[in-house]
Amino acid sequence: MGKFYWLRQLGGWLQRQPALLAMGVIGVVYCIYLPTTTYVGLYHDSWGYWDFAEKYFATGQFEFLSYFNILRGYLFPLLLSPFTQLAVAAKMLPIEMTRYLGALTAAVVFGWTGPALWQAVQGGPAVSLGRRLLFAGLGFALWRDYFNFSLTDFPALFALAVALIALLRGRGVVSGAVAGIALAAAVNIRPVYLAALPAVGLLALLPPLGRARWWGLVRGGALVLGAAVVLLPQAYTNSVHVNVRSPLVLTTMPGQPSLFLQQLEWGLRTQKYETNAGGDYKHEGMFFMDERGKAMWEATGLKEFSTAGQYMQLCLSQPWRSMGVWLRHLFNALDVQYPTPYIQAVFVPTWPLAWLNYSLIFGGLLVLLLRPWQRPTASWIRPALVLLALLLPCLVVLLTAIECRFLLPLHLLLSAAIAFGATPLRWWRAASTKARTLVVAGYIATVMSGFSASASAQKHLYQAPRDIFQDVRLPGWLTPAEAPQPW
């Protein structure tokens, strides 16, 4: 009798802890799934981060100054470094360790972080277990193989989300300091999140409800102090290695061409970039060329952009063509064709995933557009700042050579809107015939437009136009044995 009593108590406690239960389920699913994938090692950036992490122990013991890279911050390799040593001690391959870390990351992001941020913005009760698992299911469909690898995209977004959650939920100094630490972590891991700083800063300066205005200044000060904890080590290593006193990741050596300016040029030439790790395409880099953007660039007669002003002048002189480049970047960054950063089979039909993604985009946008009318305008100051913090980094990367993962905040926002905010049956029953017709017509138009735009973009894959509906490739491509190998 006592045993069953404790089982009932445990069951009741788990029902009151949907985040914990969701994280457990998601973690188990990924621990089962990831080893079944056919990857045998780390590639490109993911191997680079593992290698950087090992450098902290290059002398046989931990040395902070043993690692420095002008393009990458210190924090992500530092957090990864203990696991490189654990993998050696356990005689595990790097990818075996990163799969466990990936499962943990997926569990935390989909089981707690996304739902917690949504709840903090919307208010109300905690997100139910079912909706958390739906959010995780959408994430699994679109991003599942990313969690094989030691990449920064999900950890950096997690850190930014923690900063926002701390500012929305907290009311005092501690929450401001935690937000500062998390924001600085996001910026160090992925420097593009520096674009979120204005929105996060304004959110910190808003006084918590029920407190005097000067509390906003206190929280702002705590935010700065918390950020300093993370950024000062970067300033120290910059000073020691290249004699530059900056707390930010430099990304460019002093006196060398700016990486961001190079990215602006590449962004004009290409609609999209993906990475091939298989044997059915000749090149590791998959460049989807932009003929109109390339013509814009070649007409300048420049060898490279030397200042951002040159890029702005070019865009202002041809505003419609520039807007076309950016819109193609936006669509292609949203057009997820593969659930992996390292594609093992390029020429396979990808229309089912594309259809799911277009449906998600339509539904997510519909939920986000309809929900604001349900709340007073004044209550949307904080949600608007959260939205800006998530989307400003996405706007910045639209100028560059785009990849789908660069718009991860927007992707997960749309998934969250569907998973946490959609009530399709209730809406359908309450909607008029006209509203139903408009929504159905809008959905059909969105899906058809998505397939049309995607088909056009995929035809511009360098030297090998691909078809999302069937396997069509040029003769003479590499055999699997000749494919790029993991490092």
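The values are calculated or read from the model by the stated rules, or taken from the named source; none is laboratory data. Please read all numbers here as calculations on a predicted model, not as lab measurements. As a convention, Cβ positions derive from the backbone with ideal geometry for all residues, glycine included, and neighbour counts pool all protein chains shown. These accessible areas exclude ligands, DNA and RNA; they are computed on the full protein's heavy atoms, side chains included. Shrake-Rupley method; radii C 1.70, N 1.55, O 1.52, S 1.80 Å.
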**Per residue solvent-accessible surface (Å²) - segment 1-151, probe of 1.4 Å** = 48 Å²
**Asked** Can you give the charge dipole size of the chain about its Cα centre, rounded to the nearest 20 debye, using +1 on the beta carbon of Lys and Arg and -1 on the beta carbon of Asp and Glu?
**Response** 2080 debye
**Message:** Please report the antiparallel percentage of DSSP beta bridges with both residues in the chain, rounded to the nearest 5.
**Reply:** 75 percent
**Message:** Rg over Rh of segment 306-461, using C-alpha atoms and the Kirkwood radius, what does it come to?
**Reply:** 1.01
**Prompt:** Over the Cα atoms of the chain, how large are the radius of gyration and the largest Cα-Cα distance (Dmax), in Å?
**Reply:** 23.5, 84
**Request:** With a 10 Å radius around each residue's Cβ, average the other Cβ atoms per peptide and rank 85-91, 72-78, 447-453, highest first.
**Result:** 72-78, 447-453, 85-91
**Item:** Neighbour net charge for residue 291 - beta-carbon separation under 13 angstrom, K R +1, D E -1
**Value:** +4
**Complete:** Here the gain from full extension of residue 432 to residue 70, 0.36 nm per residue of separation minus their alpha-carbon distance, amounts to 124.5 nm
**Distance histogram for segment 315-387 (every C-alpha pair counted, 10 angstrom bins, percent rounded to whole numbers)** = 15, 28, 29, 24, 4, 0
**Message:** For segment 190-295, place one equal point scatterer on every Cα, skip the solvent, and apply the Debye formula. What is log10 of I(q)/I(0) at q = 0.12, 0.13, 0.20 Å⁻¹?
**Reply:** -0.72, -0.79, -1.06
**Asked** For residue 369 and residue 258, what does the FRET efficiency come to when R0 = 30 Å and r is the distance between their Cβ atoms, rounded to the nearest 0.05?
**Response** 0.20
**Request:** For segment 21-165, with all protein chains present and a 1.4 Å probe, just round the carbon and sulfur fraction of the accessible area to a whole percent.
**Result:** 68 percent
**Item:** lysines whose Cα lies under 21 Å from that of residue 272, excluding same-chain neighbours fewer than 8 positions away
**Value:** 282, 294, 459
**Message:** Using amide H atoms built in the peptide plane, which far-off residues or other-chain residues are under 5 Å from residue 270 H to H?
**Reply:** 290
**Prompt:** In segment 248-366, carbon and sulfur make up what percent of the accessible area (probe 1.4 Å)?
**Reply:** 65 percent
**Complete:** Once both label points are put 7 Å beyond Cα along the C-beta direction, the residue 313-residue 86 separation in nm becomes 5.4 nm
**residue 17 paired with residue 456, simple spin-label distance in nm, labels 7 Å along Cα-to-beta-carbon** = 5.2 nm
**Item:** Modelled label reach - residue 248, point 7 Å along Cα→Cβ, segment 164-194 residues with backbone N closer than 12 Å
**Value:** 187-188, 191-194
**the chain: DSSP helices with Cα axial extent of at least 30 Å and average Kyte-Doolittle hydropathy no lower than 0.5** = 214-242, 433-458
